[in-house]
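Heads up, the thing below is written out as structure tokens.
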Amino acid sequence: MPYLIGSEVMADSYYANNEQGEIDVSDMAIRSFWGWNDSNNRLYAMAEVFDDVHIADRSAPDEWWADDAWEIYIDVNHLEIEETKWEDGTKQSWNVSVPIAADNLGQMLPAHAWRTDPDTSPYWGFGWGFEGEEYGESTYFYEIWMQPFDFIAEDGNLDNSILAEIESDQLIHMSMAFDDDDDGGTERTNFWTTTDGGCCKADSDMILSEMDDSIDWGSVPTAVQSDAWGRIKSQFITQ
Ligand SMILES: [Ca+2]
Ligand SMILES: [Ca+2]
Ligand SMILES: [Ca+2]
């Protein structure tokens, strides 16, 4: 079953002191869909983000968070927040900001070489596009698949890292945020997120429900590899 997360459940309680749903949709309007696949243990997400101004003006690789960006944090084992760490990969991030600026797409922690680039990493893929003005009023579309790990060896050695088996009815931690830079520079302005705990935590609950056959998924074929995800995607497009 795909899960829809819209602007009404997002908050910027940390940086702009806004409550859940207190979002000016002429400034930013967000829809995101999440799904998963039992057979390949992948998580899938897509997002559609209307924004009055789109900016990617970073001059340093680690300033993606001060541009328009999509931040994703995953802890598949639903640990206590203080038990999740970048170092051992019990918390993994995919933070993307497009188009590429300062030679980077964003930051993926832990930042082992085999994790950082979706074009070469076997563990995730990413696609994006937009309608409207590239750096003006626009709607950006993001799509990602992620192969989460239970944990990742601190030295990044894959032989000592365990891919997660994700299962039906499993409760996982995810969180995501959408940064909104409208005036350039490296201030964090708006940070619309599923968590009220500020930046960089995987602390929102998500249950991996089975597909619900009572939903009319449609039959629109897509180029995406998973049939199940293709059905979810077709639902997203036609809603
Ligand atoms: Ca905006
Ligand atoms: Ca910026
Ligand atoms: Ca913006």
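The values are calculated or read from the model by the stated rules, or taken from the named source; none is laboratory data. Computed from a prediction, not measured in an experiment: that's the story for all the values here. We place every Cβ from the backbone using ideal geometry, glycine too, and count neighbours over all the protein chains shown.
Numbers at a glance
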| item | result |
| --- | --- |
| Within segment 48-62, tally of residues that are away from ligand 3 (no atom under 14 Å from the Cβ) and in contact with an Asp or Glu (Cβ under 9 Å, 6 or more places away or on another chain) | 1 |
| Per-region count, segment 170-208, residues assigned to a loop (DSSP other than H, G, I, E, B), within 12 Å of ligand 1 (Cβ to nearest atom) and in contact with a strand residue (DSSP E or B) (Cβ under 9 Å, 6 or more places away or on another chain) | 3 |
| Residues of segment 154-191 classified as of a type in the set (A, V, I, L, M, F, W, C), at pLDDT 95 or above and within 16 Å of ligand 3 (Cβ to nearest atom), total | 2 |
| Residue under evaluation ILE162, criteria (1) surrounded by 14 or more Cβ atoms within 10 Å (Cβ to Cβ); (2) more than 20 Å from the chain's Cα centre (by Cα), criterion not met | (1) |
| Which numbered condition TRP94 fails, given (1) within 26 Å of ASP182 (Cα to Cα); (2) touching a strand residue (DSSP E or B) at 6+ places or on another chain (Cβ under 8 Å); (3) part of a loop (DSSP other than H, G, I, E, B); (4) not polar (S, T, N, Q) | (3) |
| Qualifying positions in segment 45-65 - within 13 Å of ligand 1 (Cβ to nearest atom) and of a type in the set (A, V, I, L, M, F, W, C) | VAL49, PHE50, VAL53, ILE55 |
| Any chance ASP150 is of a type in the set (D, E, K, R), in a strand (DSSP E or B) and over 12 Å from the mean Cα position of the chain (by Cα) | yes |
| Complete set of residues in segment 65-91 that are away from ligand 2 (no atom under 16 Å from the Cβ) and either of a type in the set (Lys, Arg) or in a strand (DSSP E or B) (or both) | ILE72, TYR73, ILE74, ASP75, LYS85, LYS91 |
| Candidates ASP68, ASP75, ASP117 - the one that is acidic (Asp, Glu), in contact (Cβ under 8 Å) with a residue 60 or more places away in the chain and more than 16 Å from ligand 1 (Cβ to nearest atom) | ASP75 |
